[in-house]
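Below you will find the structure I want to go over with you.
The values are calculated or read from the model by the stated rules, or taken from the named source; none is laboratory data. This one's a predicted model, so the numbers in the text were calculated from it and none came from an experiment. Note that we place each Cβ from the backbone using ideal geometry, even for glycine, and neighbour counts take in every protein chain shown.
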Amino acid sequence: MHRVWPALLVASLFVLGVPVAGAIGITINATPAEPRVGDTVTVSGTVTGISTIAVYLFLTGPGLDPQGVTLDNINLPTGRGLFTTAPVNMQNNTWSYAWDTSVIIGTLKPGKYTVHVVASPVERMRFNEGESSSVDITFRPPPVTEAETPLDPVLPVAACVIGSVLYLGSRVRRG
């Protein structure tokens, strides 16, 4: 009986130390973590435990649908097949998506947002533990540009007068 306990101890350590085969895992990170509205943010990560050709991304944050929205159109709620997708490199199970926030549909305001990644295209409340991950991104206001100085009103008028004189002068015949 005393010989059984060490064997059970070794067996339990082996079972606890070996990861479950087929467990799905997804990671995500964002660079830069504090971009300005209008910057390009690279969202990337890894997928383990499944063979998939794509991962599905969506965004939550202030003023957005609580179920999430697509990254390219923040007016469009996710679900029912509407997601932003990122292809998975099948050789090393990595994925990457360059999110250009200067060309999205909708108004992205400064603040804290969360980008979510899921392994299957299901609504936010329906995915399983381990089949999703998220990263927070804090958007700062876009850079302030100097206001353009309007042209002096005399310049266009002077250009028109000079152009007219040159044109009319070339039309006069010399006799």
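Please verify whether residue 120 is out of contact with any Leu (no Cβ under 7 Å at 6 or more places or on another chain), modelled with pLDDT under 95 and in a strand (DSSP E or B), treating the condition exactly as stated.
Values: out of contact with any Leu (no Cβ under 7 Å at 6 or more places or on another chain): yes; modelled with pLDDT under 95: yes; in a strand (DSSP E or B): no.
In short, no.
Another question, if that's okay. Need the failing condition index for residue 19 against (1) in a loop (DSSP other than H, G, I, E, B); (2) modelled with pLDDT of 90 or more; (3) of a type outside the set (Phe, Trp, Tyr), just the number.
(2)
If the requirement is being within 30 Å of residue 141 (Cα to Cα) and of a type outside the set (Phe, Trp, Tyr), which of these qualifies: 68, 81, 25, 49?
68
Being at pLDDT 90 or above, among the aliphatic types (A, V, I, L, M) and out of contact with any strand residue (DSSP E or B) (no Cβ under 7 Å at 6 or more places or on another chain) narrows it down to one residue among 71, 64, 8, 59; which is it?
On the way: 71 fails: out of contact with any strand residue (DSSP E or B) (no Cβ under 7 Å at 6 or more places or on another chain); 8 fails: at pLDDT 90 or above; 59 fails: out of contact with any strand residue (DSSP E or B) (no Cβ under 7 Å at 6 or more places or on another chain).
Just one listed residue meets the conditions, 64.
Can you pull out the residues in the stretch 44-96 that are of a type in the set (A, V, I, L, M), in contact with a His (Cβ under 8 Å, 6 or more places away or on another chain) and closer than 16 Å to residue 107 by Cα?
59
Listed here are the residues, each with its yes/no results for (1) touching a Lys or Arg at 6+ places or on another chain (Cβ under 6 Å); (2) without any contact (Cβ under 8 Å) to a residue 40 or more places away in the chain; (3) not small (Gly, Ala, Ser).
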residue	(1), (2), (3)
76	no, yes, yes
79	no, no, no
88	no, no, yes
101	no, no, yes
108	no, no, yes
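Considering only the stretch 38-53, state which residues are modelled with pLDDT of 95 or more and surrounded by fewer than 15 Cβ atoms within 10 Å (Cβ to Cβ).
40, 42
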